[in-house]
Amino acid sequence: MKPTALITGAGGLIGGYLFRTAARWVPQWDVCGVTRAEADLTDPAQVQELWRYSRPALVIHCAALSRTGACEQDPALARRINVEATKLLADWARDIPFLFLSTDQVFDGSKGQYVETDPVHPLNVYGQTKAEAEQVVLQNPAHSVVRIALTAGLSPTRDRSFVEDMIEKAAKGTKLTLFTDEFRCPIPAGPLVRALWECAVRSKTGLYHLGGSERLSRWEIGQVLASRFPELRPWIQPGSVADYQDPPRPPDLSMRSDKLQALLSFRLPGFREWLNSEASAGDDPWDHSLL
């Protein structure tokens, strides 16, 4: 029998891509995907039942409360989902590979081009809970943490990615101010999940960064997306993070992925490069059938 990989958060953007691409990238594995509706990962009894049912040989933990606004509104819920559920799963997975998805938001954005040895300093509740969960996971030297960058893709429910958020707001006639001085290393979901599968099944332990090879501003990201989704163009406008009035935003969360790149069988693309190369090949980069 094939070993089973358990994917939490299978209803989300990355968990969903991992589940759908398993047959292509890891045909030697069976995959069990669990969504929020199927199991409450903060409930020890439900986690125990999930474990007995799936009997995993590998866990990729994608489930999280990842909306920064929702985390700010309910820090206790964010900690319960992002920290306590992670600890519960990591304890059950003490003797098998466990890969936890973290975020570039564990940094404050004051430096940019972050590497794995840089100290964390999150500015928001989401980043704080993820940083705390990282420490929980890394107490087991057989476990892994992968900090992922801003991820582009389309989810089955069409409401899980920043791309979908932008399209939805534009459809409602909402102006989108995209900062020219806020930087990320965006990565498409397809290459990201391929890298995650390679890291997971090879049991690469420790801490890794995973992002695209280009550092782009939010405004540049919007310009790239508008080339594929022209309906965005009338609704996007440049702005500065210095004028943002709400809680502080990290200005530069770009990360270097050299450590993980050295372990992969393919080169991590830049976001603009990937979109242009797929389009020039005549493919629709957002078509799930091409993953």
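The values are calculated or read from the model by the stated rules, or taken from the named source; none is laboratory data. These numbers were taken from a predicted model, which means no experiment stands behind them. Positions of Cβ are backbone-derived with ideal geometry, glycine not excepted, and every protein chain shown enters the neighbour counts.
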Checklist line | Condition check for Pro56: at pLDDT 95 or above, buried (at least 22 other Cβ atoms within 10 Å of the Cβ), more than 28 Å from Phe179 (Cα to Cα) and not hydroxyl-bearing (Ser, Thr, Tyr) | finding: yes
Check: Can you find even one residue in the range 6-29 that is among the polar types (S, T, N, Q), over 20 Å from Val163 (Cα atoms), touching a residue at least 40 places away in the same chain (Cβ under 8 Å) and buried (at least 23 other Cβ atoms within 10 Å of the Cβ)?
Finding: yes
Margin query: The conditions are (1) closer than 21 Å to Asp43 by Cα; (2) surrounded by 23 or more Cβ atoms within 10 Å (Cβ to Cβ); (3) not hydroxyl-bearing (Ser, Thr, Tyr), and Val145 fails exactly one of them. Which is it?
Written below: (1)
Next item on the list: Of the conditions (1) of a type in the set (Phe, Trp, Tyr); (2) in a helix (DSSP H, G or I); (3) in contact (Cβ under 8 Å) with a residue 40 or more places away in the chain, Tyr53 clears all except one; give me its number.
Entry: (3)
Notebook entry, point to check: Which is among the hydroxyl-bearing types (Ser, Thr, Tyr), in contact with a Ser or Thr (Cβ under 9 Å, 6 or more places away or on another chain), touching a residue at least 40 places away in the same chain (Cβ under 8 Å) and more than 21 Å from Met255 (Cβ to Cβ), of Ser155, Ser161?
Noted result: Ser155
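Every residue, every condition in (1) touching a strand residue (DSSP E or B) at 6+ places or on another chain (Cβ under 9 Å); (2) at positive phi; (3) at pLDDT 85 or above; (4) among the charged types (D, E, K, R), yes or no:
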residue: Glu182; (1), (2), (3), (4): yes, no, yes, yes
residue: Pro188; (1), (2), (3), (4): yes, no, yes, no
residue: Leu196; (1), (2), (3), (4): yes, no, yes, no
residue: Leu207; (1), (2), (3), (4): yes, no, yes, no
residue: Leu210; (1), (2), (3), (4): yes, no, yes, no
residue: Gly239; (1), (2), (3), (4): yes, no, yes, no
residue: Pro247; (1), (2), (3), (4): no, no, no, no
residue: Ser254; (1), (2), (3), (4): yes, no, yes, no
residue: Lys259; (1), (2), (3), (4): yes, no, yes, yes
Next item on the list: Pairs only if they're at least six apart or on different chains, beta carbon under 6 angstrom, first in the range 75-92 and free of Cβ contacts under 8 Å to residues at least 40 places away in the same chain, second surrounded by fewer than 23 Cβ atoms within 10 Å (Cβ to Cβ) and outside any helix (DSSP H, G or I); list them, first residue then second.
Entry: Arg80/Thr42
Item checked: Candidate set from the range 59-104 (those that are touching a strand residue (DSSP E or B) at 6+ places or on another chain (Cβ under 9 Å) and assigned to a helix (DSSP H, G or I)); member that is surrounded by the fewest Cβ atoms within 10 Å (Cβ to Cβ) -> Trp92
Check: Out of (1) surrounded by fewer than 22 Cβ atoms within 10 Å (Cβ to Cβ); (2) closer than 21 Å to Gly239 by Cα, what's the single condition that is false for Cys185?
Finding: (1)
Next item on the list: Take Thr174 and decide whether it is among the β-branched types (Val, Ile, Thr) and closer than 17 Å to Ser66 by Cα.
Entry: no
Note to self: Considering only residues that are among the acidic types (Asp, Glu) and modelled with pLDDT of 95 or more, which ones fall in the range 21-48?
What the structure shows: Asp30, Asp40, Asp43
Item checked: Index of the failed condition, Thr129 passing every other in (1) surrounded by fewer than 22 Cβ atoms within 10 Å (Cβ to Cβ); (2) part of a helix (DSSP H, G or I) -> (1)
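For every residue, the table says whether it meets (1) part of a loop (DSSP other than H, G, I, E, B); (2) surrounded by 15 or more Cβ atoms within 10 Å (Cβ to Cβ); (3) of a type in the set (D, E, K, R); (4) touching a Lys or Arg at 6+ places or on another chain (Cβ under 8 Å).
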site: Asn140; (1), (2), (3), (4): yes, yes, no, yes
site: Leu154; (1), (2), (3), (4): yes, yes, no, no
site: Val163; (1), (2), (3), (4): no, yes, no, no
site: Ala170; (1), (2), (3), (4): no, yes, no, no
site: Gly173; (1), (2), (3), (4): yes, no, no, no
site: Pro191; (1), (2), (3), (4): no, yes, no, no
site: Ala195; (1), (2), (3), (4): no, yes, no, no
site: Ala200; (1), (2), (3), (4): no, yes, no, no
Notebook entry, point to check: Among the residues of the range 230-252, how many are within 22 Å of the chain's Cα centre (by Cα) and either surrounded by 13 or more Cβ atoms within 10 Å (Cβ to Cβ) or among the β-branched types (Val, Ile, Thr) (or both)?
Noted result: 4
